[in-house]
Amino acid sequence: MNYDCKVLANLLFPDVTETIEDLEKRYPERDLKEGARVTRFAPSPTGYLHIGAFYTALVNLLTANATGGVSYLRIEDTDKKREVTDGVSAIVDGFKDFGVAFTEGVTGFGTESGNYGPYTQSLRAGIYHVVAKALVEQGLAYPCFCSAEALEAIREKQENGGALIRGYFGKWAKCRELTLEDIEKNLAEGKPWVLRLRSEGDEEKKIIFDDVIRGKIEMPENIIDEVLLKSDGIPTYHFAHAIDDHLMGTTHVIRGEEWLPSLAKHLQLFRYLGFKTPKYMHIAQIMRLDENGNKKKLSKRDMGANLDDYAKMGYCAEAVAEYVLTLLNSNFEEWRAANTTLPYTDFPFNIKKMSASGCLFDFQKLNDVSKNVLSRMSAEEVYAKYTAWASEYDAEMNALIIANPDYA
Ligand code: GLU
């Protein structure tokens, strides 16, 4: 770099006056007892809750509960393409039906509780810009003006040349070399820009990491100059993840295994930002058996993938939740037999008892658990639940049942 990074930082973020230290004062370390875990469930408001996401949410919630910690719900709405109207309410109401209550975070559309908010990423732009500016000041981030066509041309060249690593890095990363004058000129012309990380990773070097359930994982360092802020100033998932989980005091990032390939990027970001790395735990997906007895991912189209399916099929929420618990910890049923009246959220969940490989979804087992859950309910409760279901899904049966409640 042939320029003063502070000058560039002021050029890109003239309105930002705060520093990371200021943010850290606003979000002080949590005062929790030794061993208490702070976890979060961080869905995008797509209006759809996959059973696998519910499974992940339960691991977060129970881990915090079992250690006297905090679990919070954060809405990750930085990808406007995936968002649907009412997506937040669908998630919050879905959890309520399943008896899941986070300690803090988003509680409904536009409402939240807790001291570490806002818990909706689109309301945190100012925070991300403070951190972005600090990275530019340290020479660890730069603006990139490459158009979509220019990026596509790079992608094609890399593909045709059989490049093993593809993306914006090294000789491909032209905007790394821009002078301050070039940047000033582009900005004056109103050219759109994204903010990229200036990666100093070395592809020959490996990072070794300890995942809570998977154990040691080795992967090459990240060499890609990842996008941190998109052209509208909204952060990418990677950038927001590091900032939010640091400021909100997350001790354990428990998320789906689809994020494992991004881990090198995340660890690098935490290092560049000088933030303590949280513990990570990557949860395997729920699988199902196909017609030929092969394990397959429970995909969006499969019956039972969407949490809403269960209400339609006539399963009560408690039964589904308890079934998921049997998948999480094999001693759940034993605990339930000994504690018939406690809510399932009191179960002393143990991360270490989870298996690292994907569990198998099994309707037979769900029916079994459901039968047990129903058998613990009073006749009145079952009647109320049944009529609530039938009034929506089976009008004929409902008419018969409500005509003679005593007999029913
Ligand atoms: N918003 C991400 C998703 O919906 C969350 C991943 C995470 O838990 O960090 O997949």
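Per-structure values
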| item | result |
| --- | --- |
| Conditions (1) on the phi > 0 side of the Ramachandran plot; (2) within 12 Å of the ligand (Cβ to nearest atom); number of the one not met by residue 256 | (1) |
| Residue count for the stretch 123-150, restricted to those that are within 20 Å of residue 245 (Cα to Cα), buried (at least 16 other Cβ atoms within 10 Å of the Cβ) and not aliphatic (A, V, I, L, M) | 4 |
| Every residue from the stretch 37-79 that is within 13 Å of the ligand (Cβ to nearest atom), over 16 Å from residue 306 (Cβ atoms) and free of Cβ contacts under 8 Å to residues at least 60 places away in the same chain | 71, 73, 75, 77 |
| Among the candidates 365, 371, 353, residue that is loosely packed, with under 13 Cβ neighbours inside 10 Å and closer than 28 Å to residue 282 by Cβ | 353 |
| Residue within the stretch 99-113 that is more than 16 Å from the ligand (Cβ to nearest atom), free of Cβ contacts under 8 Å to residues at least 12 places away in the same chain, of a type in the set (Val, Ile, Thr) and more than 30 Å from residue 12 (Cβ to Cβ) present | yes |
| Residue satisfying all of: in the stretch 372-408; part of a helix (DSSP H, G or I) and of a type in the set (D, E, K, R); farthest from the chain's Cα centre (by Cα) among these | 396 |
| Helices (runs of 4 or more DSSP H) (entirely within the stretch 292-371) containing at least 2 residues that are without any contact (Cβ under 8 Å) to a residue 12 or more places away in the chain | 307-313, 332-338 |
| Scan of the stretch 80-98 for residues that are among the small types (Gly, Ala, Ser) and within 13 Å of the ligand (Cβ to nearest atom), ordered by number | 87 |
| Of all residues in the stretch 98-122 being among the polar types (S, T, N, Q) and not in a helix (DSSP H, G or I), the one that is surrounded by the most Cβ atoms within 10 Å (Cβ to Cβ) | 120 |
| Single match in 3, 27, 55, 48 (criterion: touching a Cys at 6+ places or on another chain (Cβ under 9 Å) and either over 19 Å from residue 103 (Cβ atoms) or not charged (D, E, K, R) (or both)) | 55 |
| Odd one out for residue 110, checked against (1) under 30 Å from residue 17 (Cβ atoms); (2) at pLDDT 95 or above; (3) not hydrophobic (A, V, I, L, M, F, W, C) | (2) |
| Where a residue in the stretch 227-243 is farther than 20 Å from residue 14 by Cβ and among the aliphatic types (A, V, I, L, M) and its partner, wherever it lies, is assigned to a helix (DSSP H, G or I) and within 12 Å of the ligand (Cβ to nearest atom), with Cβ under 6 Å and at least six apart | 240/121 |
| Conditions (1) surrounded by 18 or more Cβ atoms within 10 Å (Cβ to Cβ); (2) more than 22 Å from the chain's Cα centre (by Cα); (3) of a type in the set (Asp, Glu); number of the one not met by residue 202 | (1) |
| Helices (runs of 4 or more DSSP H) enclosed by the stretch 1-94 - at least 1 residues per element that are more than 30 Å from residue 344 (Cβ to Cβ) and at pLDDT 95 or above | 5-12, 20-26 |
| Residues of the stretch 259-280 classified as more than 12 Å from the ligand (Cβ to nearest atom) and small (Gly, Ala, Ser), total | 2 |
| Long-range neighbours under 6 Å by Cβ, at least six apart or interchain, first residue farther than 16 Å from residue 215 by Cα and modelled with pLDDT under 95 within the stretch 257-278, second of a type in the set (Lys, Arg) and part of a loop (DSSP other than H, G, I, E, B) | none |
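The values are calculated or read from the model by the stated rules, or taken from the named source; none is laboratory data. Source: prediction; values computed, not measured. Neighbour counts are summed over all protein chains in view; Cβ atoms, including those assigned to glycine, are modelled from backbone coordinates with ideal geometry.
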